[in-house]
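Heads up: the structure comes next, in structure tokens.
The values are calculated or read from the model by the stated rules, or taken from the named source; none is laboratory data. Everything numeric in this text was worked out from a predicted model, so none of it was measured. Every residue, glycine as well, gets a Cβ built from its backbone with ideal geometry; the counts of neighbours run over all protein chains shown.
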Amino acid sequence: MLAAMTIVESAEFAAEQIRKAIISGTLKPGDRLVEQQLTDMINVSRHPVREALRLLSREGFVELRRNRGAIVSALDAASVVEVYDIRMALGKIALRHLLTEDGRLASVDLKRLEQLASNAIRFADLDDQATTVSNDLEFQQAIIDATGLQRTIRYFSELTGDVRRFNNLLGVVYTDRRGDAEKYVVALYKALHDRDLPLAENVWEAKFRKATERYLSLITNDTSDGASKQA
């Protein structure tokens, strides 16, 4: 199958494999990305791997250094703030699009959001928090998808990989999942249902500010005294 791929398809395939390894933490910040090793691992030639690394550099997952090759980008405070500020801004674009007079939050989308909000409460009591995290990201994406704004949808979706990487590398522990579900998910759904744009924007911003604070506290702890990773 790989032999039948075009160079562009091979590069996209290679980028997807490397991206997954970075998001999961298999490839860690600072790891060198040696082209020959990657070609052996992914089973594509060097040219697609080189193009894949350029693509991942534009996405922020890889840092290309002159005369030193490629390394996995560091996870730092600036990256967290940038990703969450962009996602926050994209979300506000989506909310304004959906809740203005000519907005188009369809009943099917509202029903989907209601189900995800209900899941947030139900999943909060599970021992494994991974289901809560996945449901929350799906809830966010469902709001964005409901707009039909293709660029907003694409940019927001692409940054979800960064969020998953933050979670995997920092090992965030959500200690009040039910409280978060009620305060940030159910409240946001209700604001959307009631077409209350100011409230929706306030909840959305508070949600993303809280997430940023959690990650930044973990990065600070990791770089200072290795304190407990609690959020």
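Tell me, yes or no, whether region 38-45 has at least one residue that is surrounded by fewer than 14 Cβ atoms within 10 Å (Cβ to Cβ), of a type in the set (Asp, Glu) and outside the structural domain of GLU158 (by TED's automatic domain parsing). Yes, region 38-45 has at least one match.
Can you find a residue that is in a helix (DSSP H, G or I), modelled with pLDDT of 90 or more and within 23 Å of ARG112 (Cβ to Cβ) anywhere in region 213-230? No: region 213-230 contains no residue that is in a helix (DSSP H, G or I), modelled with pLDDT of 90 or more and within 23 Å of ARG112 (Cβ to Cβ).
For region 111-133, the count of residues that are closer than 22 Å to ILE153 by Cα, in contact (Cβ under 8 Å) with a residue 12 or more places away in the chain, in the same structural domain as ALA191 (by TED's automatic domain parsing) and surrounded by fewer than 16 Cβ atoms within 10 Å (Cβ to Cβ) is nonzero.
Could you name every one of the helices (runs of 4 or more DSSP H) located completely within region 122-191 that has at least 1 residues being among the acidic types (Asp, Glu) and farther than 15 Å from LYS210 by Cβ? Before you say what the answer is, go through the steps one by one.
Working: elements: 130-145, 150-170, 177-180.
Result: 130-145, 150-170.
Conditions (1) at pLDDT 95 or above; (2) in contact with an Asp or Glu (Cβ under 9 Å, 6 or more places away or on another chain), marked per residue:
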{"site": "ARG154", "(1), (2)": "yes, no"}
{"site": "ASN167", "(1), (2)": "no, no"}
{"site": "TYR174", "(1), (2)": "no, yes"}
{"site": "ALA181", "(1), (2)": "yes, yes"}
{"site": "ALA187", "(1), (2)": "yes, no"}
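Selection within region 98-119: residues that are in a helix (DSSP H, G or I) and over 16 Å from ALA191 (Cα atoms). The member of this set that is farthest from the chain's Cα centre (by Cα) is VAL108. Within the set GLU82, GLU35, GLU63, GLU9, the sole residue that is surrounded by fewer than 19 Cβ atoms within 10 Å (Cβ to Cβ) and assigned by TED's automatic domain parsing to the domain that holds ARG151 turns out to be GLU82. Looking only at region 173-189, residues that are β-branched (Val, Ile, Thr) and in contact with a helix residue (DSSP H, G or I) (Cβ under 6 Å, 6 or more places away or on another chain) come to 2 in all.
Contact annotation: residue pairs with Cβ atoms under 7 Å, 6 or more positions apart or on different chains, pairing a residue in region 26-55 that is free of Cβ contacts under 8 Å to residues at least 24 places away in the same chain and of a type outside the set (D, E, K, R) with a partner that is assigned to a helix (DSSP H, G or I) and crowded, with 16+ Cβ neighbours inside 10 Å, are THR39/VAL49.
For the subset of region 190-204 comprising residues that are touching a helix residue (DSSP H, G or I) at 6+ places or on another chain (Cβ under 7 Å) and loosely packed, with under 15 Cβ neighbours inside 10 Å, which member is farthest from VAL133 (Cα to Cα)? Break it down into steps so the answer makes sense when it comes.
Step one: list which residues in region 190-204 are touching a helix residue (DSSP H, G or I) at 6+ places or on another chain (Cβ under 7 Å), which gives 191-193, 195, 197, 199-201, 203-204.
Filter once more, keeping what is loosely packed, with under 15 Cβ neighbours inside 10 Å: 193, 195.
On the way: HIS193: 23, ARG195: 26 Å.
That would be ARG195.
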